[in-house]
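Scroll down for the structure; my scribbles are underneath it.
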Amino acid sequence: MTDRTRALPADAPEFTLDEVLSIKHPDPAAWSPDGAWLAWRWDDGGLVHLWAARVDGGRPVQVSRGETSVSSFQWGPDGRLAFAQGGDIWIAAPGDEPTQLTRGGGTDAMPTWSPSGQQLAFARDGTLWIHDLGTACVSVLPLPGKIVSGYGDTTSIRWSPSGARLAVRILDGSQRDLVVLTADGTALWRTETPDNEVAFAWVDDRRLHYTAIDPSSRVRVHRLIDVETGAEEELAREESERGLKGELPPVVHPAGAGIAYVLTPGNWPHLFYRDLSTGELRQLTDGECDDTGHAGDSYAFSPDGARIVYSSNRDTDLNQRRLWLVDVASGESTLLTPGPGTDSCAAWSPDGRFIAYVHCGPYESPDIWVVDPTSGERRQISHSMPETLTPEKITLPTHITYPSEDGLSVHADLFLPKGFDPERRYPAIVWVHGGMARQMRYGWHPMRSYAMFYSFHQYLLHRGYVILSVDYRGSIGYGREYEEATYLSMCQDDLADVVAGARYLESLGYVDPESIAVYGLSYGGYLTLGALTKYPEVFALGINIAGIWDYEQYNQSREEVSPGSRWHGLARLGGPKGEHNAEAWYQASPRNFVQQMTRPLLNLMGTADEAVDYAQIDSIIRDCVEHGKDFAVAYYPGESHMFTWRKTWEDAFPRIERAFQRYLKVPPSERPPAMI
């Protein structure tokens with residue numbers, strides 16, 4: 001234990017479930033063109049509104065209105081915001097009443113201003129529409145497919161710097177491509193390969209940079225295309241037989257002089273810079289550290305292009321992140337933010353005076369902050385936690401490692417319950433994150449899904465549970481070898497890491513070895529299902545939230561629901577099922593081991609889950625009924641993968657807590673004979 005370990009005293013004030021569900025969750029902020037305002041989407045119990053705040057002070061103001069959520073927004077050149085809400089496009093300046101621009105019947109999305117501010121492009125039911133704000137004329141530009149968002153780069157419509165052209169990401173059948181057309185709809189260029197174009201950005205009016213990943217998710221290529229001549233150049237290439245996870249999109253130099261990339265030629269992801277005039281590709285950062293924050297993080301050039309701000313765990317604990325500045329010419333990095341916790345999603349103000357970012361830490365849930373890159377002075381812009389959540393209620397974790405079955409050191413965070421007494425024996429919970437390419441943090445997580453569970457765990461610590469949060473192999477932040485160590489062993493070696501976590505807890509004199517539960521979300525739910533079926537005597541209870549039961553069924557559904565999308569999980573299994581990897585595919589489905597299951601299983605899932613097919617629940621029910629297994633299911637009509645609405649969590653969290661109470665806080669002989 002380090003001196004950061006802190007079990008709250010028995011008389012510490014309560015951390016309530018109302019407080020868990022009162023925390024708001026902001027998205028990263030965007031700067032107004034004059035650098036005076038920041039705008040962001042702010043989730044309050046599932047209702048997401050657009051907010052803005054002046055950087056020089058004052059309370060945030062709500063820009064959008066009503067009872068529907070804002071899905072996307074963009075600042076216009078004149079300082080107004082265009083945003084998609086309730087399937088329509090609205091325009092408003094901070095402090096003004098919004099004006100409804102379209103009535104698209106619930107399908108309008110992705111508003112994108114032209115550089116002049118005279119036109120607004122948007123998607124309507126996958127088609128491209130242009131609204132001229134001066135004449136009020138609306139035109140529809142022909143596309144060979146439907147507009148579709150991409151992983152890590154949700155902007156699917158981009159104007160060229162002059163506004164003469166647009167680049168658009170489309171889905172044509174099962175093929176995801178880029179098309180370039182003039183503002184009047186004349187087609188100029190299109191990618192026509194089996195690759196999935198995952199990110200793109202204009203360098204100048206003729207040249208477009210784009211990133212493509214092959215159908216196997218093993219090769220990612222960064223290219224530059226001259227859309228007038230068709231001349232194409234490969235600027236960088238990444239390859240991995242074990243699969244390439246989605247990476248942060250490349251960033252174009254403000255003057256178009258070069259491209260910044262995150263590449264992983266060795267064991268760690270670092271920043272690189274390709275000079276477009278000389279063709280030189282230079283490595284800017286190095287060391288045994290991860291120079292990315294998390295999925296959805298961003299790095300950015302200063303307005304003059306001289307520096308890049310990025311998030312990294314260099315010179316700190318591997319489960320934390322600080323902001324750093326790297327000089328593009330010299331490659332010298334300097335620390336910008338002190339921590340502790342995670343700082344990420346950085347964006348320079350247009351005048352270069354400030355950097356906006358998301359900060360969360362051991363006592364703070366995610367919020368928008370700004371920092372002066374010269375003085376280092378920081379200021380909080382948004383305030384998402386209720387004032388009642390003071391440090392006296394919050395437990396700090398200890399980052400530990402323990403050996404897995406094959407000797408690999410597994411990373412995890414250990415939390416001790418309120419009023420901890422080393423002479424007592426406590427029930428324990430092993431928490432398994434999703435992803436798989438995720439990492440839990442020292443303190444709150446910048447991603448809403450894991451921030452919510454971190455809050456819930458703080459609540460559970462007040463109710464007498466030891467908690468172990470496991471970063472099993474496959475997690476990011478510990479190097480490529482750790483991340484890719486699930487190759488041909490999904491739901492095997494990573495699952496062994498989770499089970500080894502239970503063994504570690506059993507070795508602690510203050511944990512009751514007969515009262516350990518496992519639960520998780522998404523891939524964490526998947527490993528929970530694997531734990532109960534493959535290691536039936538280790539855990540007293542398993543709780544699966546939207547996990548995969550039948551991997552072949554999931555893969556087929558993914559291809560049907562998200563055609564053309566790529567996921568490195570398929571490569572981790574060795575590609576499509578064949579003789580060479582049949583055993584890996586067999587081991588990847590917990591349902592193949594349902595006969596071995598002996599402990600109760602609680603399942604929770606939304607019927608509108610966009611990431612995992614809801615039919616997984618049907619398969620769980622069918623197989624458990626057929627084999628006489630103890631299970632229960634709670635399904636939520638219309639809910640998403642990571643449940644959206646506060647009312648859903650008001651049911652789900654107490655349901656989870658009741659299961660822990662019934663199976664962990666009483667001796668095995670007194671536990672109920674069935675979940676229902």
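The values are calculated or read from the model by the stated rules, or taken from the named source; none is laboratory data. Being a predicted model, the structure only gives us computed values, none of them experimental. Counting neighbours? That spans all protein chains shown, and the Cβs are built from the backbone with ideal geometry, glycine included. Just the protein is used for accessible areas: all its heavy atoms, side chains included, with ligands, DNA and RNA removed. Shrake-Rupley method; radii C 1.70, N 1.55, O 1.52, S 1.80 Å.
Odds and ends about this structure:
- Across every pair of non-identical alpha carbons in region 238-377, the mean reciprocal distance, once inverted, gives a Kirkwood radius of 15.3 Å.
- log10 of Debye I(q)/I(0), alpha-carbon scatterers only, for the chain at 0.06, 0.11 Å⁻¹: -0.33, -1.19
- Given a 1.4 Å probe and the protein chains as shown, Val538 ends up with an accessible area of around 10 Å².
- Grouping the Cα pair distances of region 446-539 into 5 Å bins from zero gives a pair-distance distribution of 3, 12, 20, 23, 21, 15, 5, 1 percent in increasing distance order.
- Rounded if a/c under 1.5, otherwise prolate or oblate - region 555-676, Cα gyration tensor axes: oblate
- Expressed as a whole percent, the accessible area of region 284-374 that falls on carbon and sulfur atoms is 47 (1.4 Å probe).
- Per residue, the convex hull spanned by the Cα atoms of region 102-164 amounts to 94 cubic angstrom.
- Rounded to whole Å, sorted largest first: equivalent-ellipsoid semi-axes of region 573-612, Cα gyration tensor: 25, 19, 5
- Counting heavy atoms of the protein chains alone, Met385 has an accessible area of about 40 Å² for a 1.4 Å probe.
- Carbon and sulfur %, accessible surface of region 14-136 computed with the full protein complex present, 1.4 Å: 48
- Taking every DSSP helix (H) stretch of at least 4 residues in the chain, weighting each as -39,500 (n - 2.57) and dividing the sum by the residue count yields a mean residue ellipticity at 222 nm of -4500 deg cm²/dmol.
- Angle between the chain longest axis and helix 646-664 axis [Cα atoms, degrees, rounded to 10]: 30
- Scattering from region 385-536 was approximated by placing one identical point on each alpha carbon and applying the Debye formula without solvent; log10 I(q)/I(0) at 0.09, 0.16 1/Å stands at -0.27, -0.85.
- Cα gyration tensor category, rounded, prolate or oblate, for region 487-527 with a/c compared to 1.5: oblate
- Spin-label model distance (nm) - Ser409 vs Glu192, 7 Å beyond Cα toward Cβ: 5.4
- When DSSP beta bridges are restricted to pairs lying wholly in the chain, around 80% turn out antiparallel.
- Per-residue accessible area (protein heavy atoms, 1.4 Å probe) orders Asp78, Asp204 as Asp78, Asp204, starting from the largest.
- Anisotropy class of region 392-456 from Cα gyration tensor, a/c 1.5 cut: oblate
- Taking the C-alpha atoms only, the angle from helix 615-626 to the longest principal axis of the chain is near 20 degrees.
- Amide H to amide H distances under 5 Å link Gly419 with Leu8, Ala10, where only residues 5 or more positions off or on other chains count and H is placed in the peptide plane.
- Measuring between alpha carbons in the structure, the pairs from Lys418/Lys629; Lys418/Lys665; Lys393/Lys665; Lys245/Lys393; Lys393/Lys534; Lys146/Lys577 lying more than 26 angstrom apart are Lys418/Lys629; Lys245/Lys393; Lys393/Lys534; Lys146/Lys577.
- Per residue accessible area of the chain, 1.4 Å probe, in Å²: 37
- The long axis of helix 493-507 is offset from the longest Cα principal axis of the chain by roughly 40 degrees.
- Other residues with beta-carbon under 11 Å from the beta-carbon of Gln100 carry, at +1 per Lys or Arg and -1 per Asp or Glu, a net charge of -1.
- Accessible area (Å², 1.4 Å probe, nearest 10) - Thr316: 40
- Theoretical FRET efficiency, 1/(1+(r/R0)^6), r = Cβ-Cβ of Arg65 and Val561, R0 30 Å, to 0.05: 0.40
- Carbon/sulfur fraction of accessible area - region 516-644, other protein chains in place, 1.4 Å, %: 50
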